[in-house]
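The values are calculated or read from the model by the stated rules, or taken from the named source; none is laboratory data. Please read these numbers as outputs of a predicted model, since none were measured by experiment. All Cβ positions, even for glycine, are placed from backbone atoms using ideal geometry, and neighbour counts span all protein chains on display. These accessible areas exclude ligands, DNA and RNA; they are computed on the full protein's heavy atoms, side chains included. Shrake-Rupley method; radii C 1.70, N 1.55, O 1.52, S 1.80 Å.
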Amino acid sequence: MTRPVLPRAIAVGAVLVLVCQPVVSANAAENLLSYNKPTTTSSIENASFAGNYAVDGNAATRWASAEGSDPEWISVDLGGPAAITKVKLSWEAAYASEYRIQTSSDGSSWSDVKSVTGSDGTVDEHAGLSAAGRYVRIYGTKRGTPYGYSLWELEVYGSRTGGGDVDPPTAPSGLRVTSSTSDSVALAWDPASDNVGVTGYEILRNGNVVGTATTTTFTDSGLASGTSFTYTVRARDAAGNLSAASAPIQGATQPDSSTGTVLVVAGDIAKPELPGEHTKTAALIAGIKPSYVLTVGDNQYDNGTISEFRSYYDKTWGKFKSITKPTPGNHEWYDKLNGYKAYFGSIATPQGKPYYSYDIGDFHFVALDSDPLTDGITGEQLTWLRQDLARNQKACVVGYWHHPRFNSGKYGDDKTIAPFWNELLKVRADVVFSGHDHHYERIKPLNSSGRVDEANGLRSAIVGIGGDSLYTQIKPREGVEKSFAKHGVMKLVLNGKSYSWEIIGTDGTTLDKAGPYTCR
């Protein structure tokens, strides 16, 4: 059974049992030895989760074993004898609660270096090792979940020993930004040196390798506008030795040429088991610097209690609470909106109810509570909505709530949301944003029956990508223009009587662009 990608990101303790270790010099230089080295695995879930993805320097790709069996393992060939001083494991949600770190000189006979029990996943960093070998294996003996074993990254540090070229290049220096556009940052640096010769460089954006170069320049493109990034560079020689990273620098794309008011939109945000993802999406908000943040429900999992809000949402997206215009989802309703109201206060109920409206420039926004509607309670809120839309004097109308009316994802079209949709259709509203299904989807204007109607229909987008586990069951329905399951946020720009948006992924790249659209 295919399951959603569930990243883990914050290190917590595990019980570690140190066993027999070969002795190596404590003065050996510590370099990353495992990057892009050959791997061998006991199994893979499918070709998208092969072993090489655990050593590619990309925190968005991973190795995953077959599900439901013990033991499973992954090994990496360091290319020659090495002194091993540190092993760092970045687990996906399918982690090992018990495993061994092993080394081998021939890839056949293995010696235990460290045994781990009681791990709860996230990031395990094992420093201060004194091991030797050409091969390193992570041997999982007990799964922490019903699934298999999965690693975002397996990093082995130390120094090469034995014959041949074992000396890494020096770290590049003088890294600088030479120019930037609204979607690119150009970099340059001073050459690294090596006892044999530098063959190339690796460029890292926010800690992930995003490109290589044989010269001392590189242009990083396809980026979100008006966003800042952290860059470093590493050098590599012909023997595969990799230098330490350069000193980091900040680089930023230029703001988009259009002016206007910037908002961020997303939902399905703070999952206690996935702190890394809503931390990353919150970092995107900080880089975008919006005037407002709109949430489309399920702000806090699993039950939306005040304790959960304070422990998770508040530490990431809570930094923007003063500019947030939230809506609730079904998970907030598990606590009867008590935690939601206690956390957001009057921000969530500015008109005394969990639904409200407000104006920004030429735009009228209606923020609705779709959970009672899905339970069949339609009267009071719909009456308010009709009256609110009748009073509106703004040229542009935007609605947002949790459950999508039309949807290609796991839950499909939801007929119970038709009353909201139809009221907005009557006033020729412009666009609706929602969440609930954990993916992104951009849909052409649809009529009340879900058929494309460019002239009179209602445009919509699903933005359930704020941090919870993603749903990959997407079968595009009629009218879908773009869909994918990746974490990120929507950067929505209001400009006079028009609007446009970008979907920005957690690595800072632009995943989709829409508009500009002119209001009706």
Filter region 433-474 for residues that are over 30 Å from ILE285 (Cβ atoms) and among the small types (Gly, Ala, Ser); which is surrounded by the fewest Cβ atoms within 10 Å (Cβ to Cβ)? ALA455
Flag if ASP371 is open to solvent by 10 Å² or more (accessible area, probe 1.4 Å) and under 18 Å from THR295 (Cβ atoms): yes
Scanning region 248-290 for residues that are in a loop (DSSP other than H, G, I, E, B), charged (D, E, K, R) and over 17 Å from GLU308 (Cβ atoms), the one farthest from the chain's Cα centre (by Cα) turns out to be ASP256
Which of (1) surrounded by fewer than 24 Cβ atoms within 10 Å (Cβ to Cβ); (2) more than 21 Å from the chain's Cα centre (by Cα) is the odd one out, the single condition GLY304 does not satisfy? (1)
Filter region 392-424 for residues that are of a type in the set (Asp, Glu) and modelled with pLDDT under 95; the one that is surrounded by the fewest Cβ atoms within 10 Å (Cβ to Cβ) is ASP413
Filter the strands (runs of 3 or more DSSP E) completely within region 163-247 down to those with at least 3 residues that are at pLDDT below 90 and either open to solvent by less than 10 Å² (accessible area, probe 1.4 Å) or touching a Phe, Trp or Tyr at 6+ places or on another chain (Cβ under 8 Å) (or both). 228-237
Does at least one position in region 360-368 carry a residue that is open to solvent by 10 Å² or more (accessible area, probe 1.4 Å), touching a strand residue (DSSP E or B) at 6+ places or on another chain (Cβ under 6 Å), without any contact (Cβ under 8 Å) to a residue 24 or more places away in the chain and in a loop (DSSP other than H, G, I, E, B)? no
Going by the structure shown, is GLN254 open to solvent by 50 Å² or more (accessible area, probe 1.4 Å) and closer than 24 Å to LYS315 by Cβ? no
Out of all the residues in region 66-81, which are farther than 20 Å from ASP165 by Cβ and of a type in the set (Asp, Glu)? GLU67, ASP70, GLU72
Would you call ALA66 in contact (Cβ under 8 Å) with a residue 60 or more places away in the chain and assigned to a loop (DSSP other than H, G, I, E, B)? yes
Look at LYS341 and say whether it is among the charged types (D, E, K, R), open to solvent by 30 Å² or more (accessible area, probe 1.4 Å), at pLDDT below 95 and out of contact with any helix residue (DSSP H, G or I) (no Cβ under 7 Å at 6 or more places or on another chain). no
The correct count of residues that are crowded, with 23+ Cβ neighbours inside 10 Å and of a type in the set (Ser, Thr, Tyr) in region 257-289 is 1
Note on region 300-331: residues closer than 22 Å to VAL366 by Cβ, part of a loop (DSSP other than H, G, I, E, B) and in contact (Cβ under 8 Å) with a residue 60 or more places away in the chain are THR327, PRO328, GLY329
